[in-house]
Amino acid sequence: MPQLPKRYYLASLWVELTRQLHKTLAPDLQSRFGSRTGILLIDTAVFVATVEGRPMTATRLSTSIGIPRPTVDRHLRMLCRNGTVERAGQVYVTPAKQLDRIARQNYRALTALVRTTSENLSR
């Protein structure tokens, strides 16, 4: 079998990590993967900000990910209804229950994806 270019493995890793993050952060939206990239970006940004201890407002989310504020607001309302994001005053956070589920279920899957890609890149 011919050696694939390294950019293939990086692109493949990005797609698989995105799929895994979507499955992890928005399990109720699985049927919409690919058509709701903005939702995934917002949900991921809220998750990262929560883990880092610096929750963000809708305006800051809009600025950091480059999505118009009205779109961010609409997606945040939907994510709050689904229970994957909570509003805490002016900021948005990933609920503790969600953080626990993410930590338990998907750490191994994400680690395996990165390890496999790393092995392919080192060939």
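Structural remarks
- Residue in region 54-65 that is touching a residue at least 24 places away in the same chain (Cβ under 8 Å) and in contact with a Ser or Thr (Cβ under 8 Å, 6 or more places away or on another chain) present: yes
- Subset tally (residues that are surrounded by fewer than 20 Cβ atoms within 10 Å (Cβ to Cβ) and modelled with pLDDT of 90 or more) for region 77-86: 5
- Residue that is at positive phi and in contact with a Lys or Arg (Cβ under 9 Å, 6 or more places away or on another chain), where the choices are 53, 66, 83: 83
- No other residue among 61, 121 is among the hydrophobic types (A, V, I, L, M, F, W, C), surrounded by 11 or more Cβ atoms within 10 Å (Cβ to Cβ) and under 23 Å from residue 36 (Cα atoms) apart from 61.
- For region 19-36, filtered to residues that are open to solvent by 80 Å² or more (accessible area, probe 1.4 Å) and among the hydroxyl-bearing types (Ser, Thr, Tyr), the residue that is modelled with the lowest pLDDT is 35.
The values are calculated or read from the model by the stated rules, or taken from the named source; none is laboratory data. Quick caveat, the model's predicted, so the values are computed rather than measured. Here the Cβ is made from the backbone with ideal geometry for all residues, glycine too, and neighbour counts use every protein chain on show. Side chains are part of the model used for accessible areas, which takes the heavy atoms of the whole protein and leaves out ligands, DNA and RNA. Shrake-Rupley method; radii C 1.70, N 1.55, O 1.52, S 1.80 Å.
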